[in-house]
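Read-outs: derived from the displayed coordinates by stated rules, not from any lab. This is a predicted model, so every value here is computed, not measured. A quick note on method: Cβ atoms are made from the backbone with ideal geometry, for glycine too, and the neighbour counts reach across all protein chains shown.
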Amino acid sequence: MKDLSGKVVVITGASSGIGAATAVACAEQGMKLVLGARRRDRLEEVAATVRARGGGVELLVGDVTDPGNAAGLLDLAEDAHGGADFVFSNAGYSFERPFTETSEEDLRAMFEVNFFASVELCRLAARRWLEGGRGGHLILCSSCVSKFPLPYQGIYAATKAAQAMVARSLRHELAPRGIRVSTVHPITTRTEFFDRSSELSGFGEGQAGRNGVPDHAPRLFVQSPERVARAIIGGMRSARSEIWTSWTVRFSAALFTLFPALQDLVMGRQAASAHSRHEPADDRG
């Protein structure tokens, strides 16, 4: 189990949710942080909490898809702390929408954030570690749906599956050079992620969900961002290839792989529940 004190971590999507909770958890381990996100005010709030926990922190405001954003985060880590030891590529978003009603622009935009920006940050970090002859640990925030998609969320699942497949391959490419690679597979987590998803999905207030999760999400499979953060800290210490927060969902994913018909049964029920959220209202009177 690695001692994390004094180690340097870069975190994207750090202004809220899993990113913010992980930043605080890292500070409590005595780590030094470089945080990136779009919203300056929210990022500075997280930074204040980090400093109150005794952590050193540097901030870069910007979108992960901005040219130079990934390099800027890594440069900041080098200038302030001599370089990153961990990179947590966390920024991402989703929406629930029929595939046939999703524009090519929206499809590509989600891949730009969830996949291309994520792996670009990891690619640049790995290159720097290789050039410097040092090790490091790349961590990508995937999802449980990287293993099994949900109806109306196929694009999001595809971005996370692509991310996880690249990470799995990269893990074995880089292991001989002392660089570790892990993916995180959270289940439904209480964050504003779902508020934003509901907004992008075009749902009315009654379907937006309460307390940061959709109304239709089974409460058995809802967790806090702090739980995910604790799992990530454990993954940093032990270098697990996959970091899960629910053994029940992980076991279900394995069953779905072994028995596709079982997955189809579950997805059929999920689809039946979701249809009502996407059917146009009958206003014939």
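Using θ = phi - 60° in the Karplus curve 6.51 cos²θ - 1.76 cosθ + 1.60, the 3J(HN,Hα) couplings for segment 134-141 round to 10, x, x, 9, 8, 10, 10, 7 Hz; x is entered for Gly and Pro. Placing unit charges on the Cβ atoms of the charged side chains and taking the dipole of segment 40-88 about its Cα centre, the candidate lying farthest along the positive direction among Ala70, Phe88, Gly55 is Gly55. If you take the Cα centroid of segment 57-76 and the Cα centroid of segment 114-151, the two points sit 15 Å apart. Report the local net charge at Thr257: Lys and Arg +1, Asp and Glu -1, summed over other residues whose C-beta lies under 12 Å from its C-beta. Net charge in that neighbourhood comes out at +2.
For the Cα trace of segment 1-148, dividing Rg by the Kirkwood Rh returns an Rg/Rh value of 0.99.
Along segment 183-190 the Karplus relation, 6.51 cos²θ - 1.76 cosθ + 1.60 evaluated at θ = phi - 60°, assigns HN-Hα couplings of 10, 9, 10, x, 9, 3, 10, 6 Hz to successive residues, with x for each Gly and Pro. The amide H of Thr245, built 1.01 Å from its N in the peptide plane, has His185, Ile187 as neighbours under 5 Å, considering only residues 5 or more places off or on other chains. Scalar couplings 3J(HN,Hα) for segment 235-249, obtained by applying the Karplus form with A = 6.51, B = -1.76, C = 1.60 to θ = phi - 60°, are x, 4, 6, 9, 6, 5, 6, 10, 10, 10, 10, 9, 5, 4, 6 Hz; x denotes Gly and Pro.
Diffusion coefficient (Stokes-Einstein, Kirkwood radius over C-alpha pairs, 37 °C, 0.692 mPa s) for segment 229-275: 261 µm²/s, rounded to a whole number.
The value given for segment 1-44 is a Kirkwood hydrodynamic radius of 10.5 Å, derived from the mean inverse Cα-Cα separation.
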